[in-house]
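Structure, as C-alpha cells:
The values are calculated or read from the model by the stated rules, or taken from the named source; none is laboratory data. These numbers come from a predicted model, not from an experiment. Positions of Cβ are generated from backbone atoms using ideal geometry, with glycine treated the same way; all protein chains shown enter the neighbour counts. Just the protein is used for accessible areas: all its heavy atoms, side chains included, with ligands, DNA and RNA removed. Shrake-Rupley method; radii C 1.70, N 1.55, O 1.52, S 1.80 Å.
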Amino acid sequence: MPITFEEKTKQFYISTDNTTYIIELLDGKIPVHRYWGNTLKNMPSIENTNADFNTIYCIENTENPSALSTGTLPLEYGIYGTGDMREPAVSVQLADGSFTLEPEYLSHKIYKGKRSINGLPSSYAVNDDATTLELTLADKASNINIILYYTVFEEYDIITRSTKIVNLSEKPIDIKRISSACVDFYDSSLEIVHLPGSWARERHIERSKPNHGIMRFDSKRGASGHCENPFIAMCEPNATETNGDVYAMNLVYSGNFEIVAELDPFNTLRTLIGINSFNFSWKLNPNEEFASPETVMTYSSKGFGDMSRNLHNFYRNRLCRGKYQHSARPVLINNWEATYFDFNEEKILAIAEKAKEVGIDMLVLDDGWFGKRNNDDSSLGDWYSNKEKLPNGLAGLGKKLNGLGMKFGVWFEPEMVSPDSDLYKIHPDWCIHIDGRTPHLGRNQLVLDLSRIEVCDYIIGFLTETLSNAPISYVKWDMNRYISDISSTELSHRYMLGLYSVLEAVTSKFPDVLFEGCAGGGGRFDPGMLYYFPQIWCSDDTDAVERLYIQYGTSFAYPTCTMGSHISACPNHQIGRTTPFSMRGNVAMSGQFGYELDLSTLTVDEIKTAKEQVAFYKAHRETIQFGDMFRLSSPFESNIASWQYISKDKNEVVAFFFTITGKANTLHKMIKLQGLETDCNYKCAENGKIYSGAYLMQFGLPAFQNADYISNIIVLKKEI
Ligand code: DGJ
C-alpha cells in the first residue's frame with residue numbers, strides 16, 4: 001500500500017516508486033512534517049531522534065510545558081495562535097473575532113482512488129491508480145475541522161495535496177487564508193526557483209537563495225498572469241539539470257494565487273501555496289465547507305530535468321483530458337500576425353490555399369470576425385459574423401475551408417465585453433464593477449462577471465450556438481486583460497468557479513473540438529487551464545530568440561505538447577529582430593507547431609522550406625509532443641539553447657540546437673545528450689553516421705557558434 005499508518009510511531013508513510021513523504025502525529029495529536037525525499041522505509045519517531053526542537057522564548061504547551069513547541073517544529077500545516085509565529089497555512093476569523101485554532105488529529109481515512117474537488121480542476125486517477133489519505137484535524141473549542149488531502153500517484157512520483165475547511169459550529173466564520181499545501185523544510189539551505197516574466201516575456205527562470213524573512217510570489221491580477229506562475233521549486237545549492245535534490249509545487253488554479261516562502265530564524269524554510277490571501281475573505285456558514293485548489297508536488301534527487309519530466313508525464317496523463325490528450329495535434333495557420341483585423345473571406349481563403357499547398361491541416365481565424373470589430377475598441381460580446389468581412393458567415397467560410405481539405409478554427413474572447421457593443425447596451429451591469437465607480441478599461445474592454453450564473457449561461461449559450469452551426473474543429477479561448485474593480489473579498493474566487501463551470505460545460509458539449517487557451521499570449525498558462533485546454537498559446541512574443549527563453553522556462557513545469565508556438569514574419573512584430581526562417585521553424589517545432597504569417601509573402605525557397613518543415617514535424621511530432629524532454633543547454637546560462645526528445649518506445653531521438661549570437665574565431669561547443677541507452681547504437685537520419693549512446697552522452701554532438709542564429713535538428717534512430 002503506498003500510504004500506511006504505523007500505530008506505534010504514529011507516522012504516515014506516503015510512498016511513490018522512488019520517494020517517501022512522512023507525517024508524524026506528535027503525541028498522537030499534532031501533525032509534524034518529518035520527511036520528503038528518496039525512499040525511506042523507517043524513520044525514528046521524533047522522541048527517538050536525539051534532536052533538540054525547543055528554543056528559548058518559545059510558547060509552551062499548556063498541559064505539558066516541557067513538550068515540544070509548535071513554534072520551532074517543522075509542521076505539516078502551520079497554524080497561528082498557539083506558538084507557531086511563522087506565516088500560517090490557514091487563517092480563520094471566528095465569530096468572536098479571534099483567530100486562534102488548535103486543530104488536533106481527529107481521524108483519518110486511506111482509500112484507493114481520488115475524489116474530484118467540487119467545482120475546481122484537479123488531477124484524476126485511472127483504474128484507481130492513486131491512493132488517498134484524508135487526515136482530519138479538529139479544533140474542539142470552535143468546532144472547525146480542517147481536512148488535509150494527500151493523493152499519491154506512485155508510478156508518476158507525484159503527490160497531490162489540497163485542504164478543506166468544514167464549519168461544524170453554529171456561527172459563520174471568515175476564511176482569510178487557506179493554503180493548498182504547506183511544507184516545512186527542516187534545517188534548510190535550499191534555494192528557490194520561480195518563473196517570473198511579463199507580457200511577451202513569460203516564465204523566465206530566476207533562482208535565488210532566500211534570506212531570513214519572507215519571500216512572496218503571487219498574482220493579484222485575476223488570472224495566474226504573465227508576471228508569476230503558480231510554480232515553485234526548492235533545490236539544493238548545487239542542483240543542476242541532472243543532479244541534486246529538487247522539490248516542486250505547482251498549483252492547479254488559474255486565478256489569484258500566492259506562494260510564500262519563509263526562512264525562519266532556525267533555518268526551517270516554510271513554503272505555502274494556494275489562493276492569494278490578499279483581499280480574500282470567504283464567509284463560511286454553519287455546515288458549509290470550502291475546498292482549496294490542488295497542489296501537485298514532486299521530488300527528485302536527479303535535478304531539474306527529472307523534476308520536469310515527472311510533471312510533464314503527470315500532466316499529459318492525469319490532468320489533461322479529451323480527444324486530443326494523446327493524439328497528435330494539427331499543424332495550423334493563424335491569420336493574426338498575417339492580417340490583424342484587416343481581412344475578408346477572400347483573403348482568408350487565399351491564405352488557406354497556400355497553407356494547404358504547404359501541408360498545413362487547419363486555418364484559425366483570429367480576432368475581428370464578429371460585430372463591427374475592425375480594431376480592438378469594440379464588439380466583444382457580439383458574437384455574430386461581420387457580414388462585410390464574412391458574407392457567408394462562419395458556417396460558409398468553414399465549409400469552403402473543409403472543401404479545400406482544411407479544418408477550421410475560430411478565436412473567441414468569451415469572458416469580455418466592449419463598452420461599444422450591443423451586449424453592453426443590453427446588460428451594462430454584467431461587467432465587473434463597483435457600484436458608484438466607473439470601471440477601469442484594459443485594452444478598451446471590461447470583464448464579464450462570471451460569478452453570476454446568468455452571465456455564465458449566456459457564454460455557454462452563444463458558444464453552443466456558434467459551435468453547433470459552423471464546422472468548427474478548434475477554439476482559441478483568449479483573455480486580454482487583468483481583472484480590476486473587485487467589489488468583494490469573494491469575487492475573484494467566485495469568478496474562477498464560474499469560469500471553470502463554463503469551461504466544463506463547453507468542453508464536454510464539444511468533445512471533438514480542440515481548445516487552445518490564451519491570455520494575451522501566456523498570461524494564464526497554468527495546470528488549472530490544462531485540465532480544460534490541452535494546449536495554450538505560449539506567448540505573444542513570436543521572435544525565435546525570445547521564444548528560446550520563454551519555452552525553456554515554460555518547460556520547467558509544462559510539457560511541450562501544451563505550448564502553442566508559431567513561425568511569424570520578420571522583422572519580428574514584437575521586437576523587430578530578423579532571424580532565419582529555418583531557425584523560426586526549429587523553435588516553433590519545439591512546441592505545438594503552426595504558422596502566423598502571410599504565406600503569399602514567402603519566397604519560393606521559403607515555401608519549399610515550409611513544406612519540408614511541415615513534413616518533418618508530422619513525421620516526428622509524436623516524439624516531440626509526447627516523448628520525454630531533456631534540456632541540454634540553457635539560454636539563461638550560455639549562448640546555446642538545446643533540448644532533446646526521446647520517443648516513448650525509446651527508439652527515436654530528436655535533438656534541437658540553437659546558437660543565439662555568434663563569436664569570431666571559436667570552435668564548436670559539444671552538447672551532451674541525455675537519457676539514451678549507453679550500450680545501444682544510434683544512427684543519424686541525416687548523414688547515416690552511427691554513434692553509441694555512451695558517446696552521445698559522454699562526448700556529445702557539436703553546436704556551431706561561428707554565426708548568429710544557427711539552428712539545427714538532429715534525428716537519431718536506435719539500431720535494434
Ligand atoms: C492576444 C493573443 O495572444 C493573440 O494571439 C491574438 O489572438 C490577439 N489577442 C487578438 O486580439
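Show the residues, 5+ positions off or on another chain, whose built amide H is closer than 5 Å to the amide H of Ile333.
Answer set, sorted by chain and number: Met362, Leu363, Val364, Tyr595.
Using modelled amide H (1.01 Å from N, peptide plane; none on Pro or chain starts), what sits under 5 Å from the amide H of Trp537, excluding residues fewer than 5 places away?
Gly517, Cys518, Gly564
Tell me the angle of helix 453-469 to the major Cα principal axis of the chain, expressed in degrees between 0 and 90 and rounded to the nearest ten.
Helix 453-469 and the main axis of the chain meet at about 30 degrees.
Using the charge dipole of the stretch 131-242 (Lys, Arg: +1 at Cβ; Asp, Glu: -1 at Cβ; taken about the Cα centre), state which of Ser219, Thr151, Ser179 has its Cα farthest towards the positive end.
Towards the positive end, the residue furthest out is Ser219.
Would you calculate, for the chain, the mean residue ellipticity at 222 nm contributed by helices, counting each DSSP H stretch of 4 or more residues as -39,500 (n - 2.57) and dividing by all residues, to the nearest 500? Mind dumping the intermediate values first?
Numbers: 12 runs with 138 residues, N = 720.
Computed ellipticity for the chain at 222 nm equals -6000 deg cm²/dmol.
Among Val447, Thr466, Leu401, whose Cα lies farthest out toward the positive end of the dipole of the stretch 362-484, if unit charges sit on the beta carbon of Lys, Arg (+1) and Asp, Glu (-1)?
Of the listed residues, the answer is Leu401.
Lysines within cross-link reach of Lys608: Cα-Cα under 17 Å, excluding same-chain residues under 8 positions apart?
Lys354, Lys356, Lys618
Pairs Lys220/Lys425; Lys29/Lys109; Lys114/Lys140; Lys611/Lys669: which exceed 19 Å Cα-Cα? It would help to have the intermediate numbers written out before the result.
Numbers: Lys220/Lys425 29 Å; Lys29/Lys109 16 Å; Lys114/Lys140 28 Å; Lys611/Lys669 30 Å.
The pairs that break the limit, which is 19 Å between Cα atoms, are Lys220/Lys425; Lys114/Lys140; Lys611/Lys669.
Could you give me the ³J(HN,Hα) list for the stretch 644-653, computed from phi with Karplus coefficients 6.51, -1.76, 1.60 and θ = phi - 60°, whole Hz, x at Gly and Pro?
8, 10, 10, 4, 4, 7, 6, 8, 10, 10
In terms of solvent-accessible area of protein heavy atoms at a 1.4 angstrom probe, what is the ranking of Ile30, Ile348, highest value first?
On the way: Ile30 45, Ile348 0 Å².
Most to least solvent-accessible, the answer reads Ile30, Ile348.
With every protein chain left in place and a probe of 1.4 Å, what is the accessible surface of Leu467, to the nearest 10 Å²?
Taking all protein chains as shown, Leu467 has close to 10 Å².
Determine the share of the chain's accessible area contributed by carbon and sulfur atoms, expressed in whole percent, with a 1.4 angstrom probe.
Details: 13120 of 26600 Å².
Percent of accessible area from carbon and sulfur atoms in the chain: 49.
Just to make sure I understand: if all protein chains stay in place, what is the order of Ser116, Ser69, Ser473 by accessible area at 1.4 Å, largest first?
The most accessible residue leads, giving Ser116, Ser473, Ser69.
Which net charge results for the neighbourhood of Ile159, defined as the other residues with beta-carbon distances under 13 angstrom from its beta-carbon, given Lys and Arg at +1 and Asp and Glu at -1?
Numbers: positive: Lys114, Arg161, Arg318; negative: Asp17, Glu76, Glu154, Glu155, Asp157, Glu294.
Residues near Ile159 contribute -3 overall.
Cross-link candidates for Lys672: which aspartates and glutamates have Cα within less than 17 Å, leaving aside residues fewer than 8 places away along the same chain?
Excluding near neighbours in sequence, the set is Glu241, Asp306, Asp628, Glu637, Glu652.
At most 12 other Cβ atoms within 10 Å and a DSSP loop assignment: could you name the trypsin sites (Lys or Arg not before Pro) in the stretch 259-364 that fit? Could you put the intermediate results ahead of the total?
On the way: sites: Arg270, Lys283, Lys302, Arg309, Arg316, Arg318, Arg321, Lys323, Lys347, Lys354, Lys356; in loops: Arg321, Lys323.
Of the trypsin sites (Lys or Arg not before Pro), the ones in loops of the stretch 259-364 whose Cβ has at most 12 other Cβ atoms within 10 Å are Lys323.
Sorted by accessible area (1.4 Å probe), largest first, how do Asp449, Asp429, Asp679 line up? Provide the component values of the computation, followed by the final result.
Details: Asp449 20, Asp429 70, Asp679 150 Å².
Highest to lowest solvent-accessible surface, that is Asp679, Asp429, Asp449.
Considering only the other residues whose Cβ falls under 15 Å of the Cβ of Gln574, what net charge follows from Lys and Arg at +1 and Asp and Glu at -1?
Details: positive: Arg201, Arg547, Arg577, Arg584; negative: Glu202, Glu337, Asp540, Asp541, Asp543, Glu546, Glu596.
Result for the neighbourhood of Gln574: -3.
In whole Hz, what ³J(HN,Hα) sequence does the stretch 26-37 give by Karplus (6.51, -1.76, 1.60; θ = phi - 60°), x for Gly and Pro?
Each residue of the stretch 26-37 in turn: 5, 6, x, 10, 9, x, 10, 7, 9, 6, 8, x Hz.
Taking the mean number of other Cβ atoms within 10 Å as a proxy for protection, how do you rank 37-43, 20-26 from highest to lowest?
Working: 37-43: 12.6, 20-26: 22.9.
So the peptides 37-43, 20-26, ranked by packing, come out 20-26, 37-43.
Report, ordered by chain and residue number, the lysines lying within cross-link reach of Lys387, taken as a straight Cα distance under 18 Å and ignoring same-chain residues fewer than 8 apart.
In chain and number order, the partners are Lys347, Lys372, Lys399, Lys400.
Under the rule of at least 5 residues apart or a separate chain, name every residue whose amide H is placed under 5 Å from the amide H of Ala200.
Amide H to amide H, under 5 Å and 5 or more residues apart or across chains, Ala200 pairs with Gly522, Asp540, Asp541.
Step through the residues of the stretch 389-401 one at a time and calculate ³J(HN,Hα) from phi using the Karplus curve (6.51 cos²θ - 1.76 cosθ + 1.60, θ = phi - 60°), rounding each to whole Hz and writing x for Gly and Pro.
7, 10, x, 9, x, 5, 4, x, 5, x, 5, 5, 5
Round to the nearest 10 and report in Å² the accessible area of Met496, as given by a 1.4 Å probe over the protein chains' heavy atoms.
Roughly 0 Å² of Met496 is accessible to a 1.4 Å probe.
Nearest 10 degrees is fine. How inclined is helix 345-358 to the longest principal axis of the chain, computing both from alpha carbons?
Roughly 90 degrees, rounded to the nearest 10.
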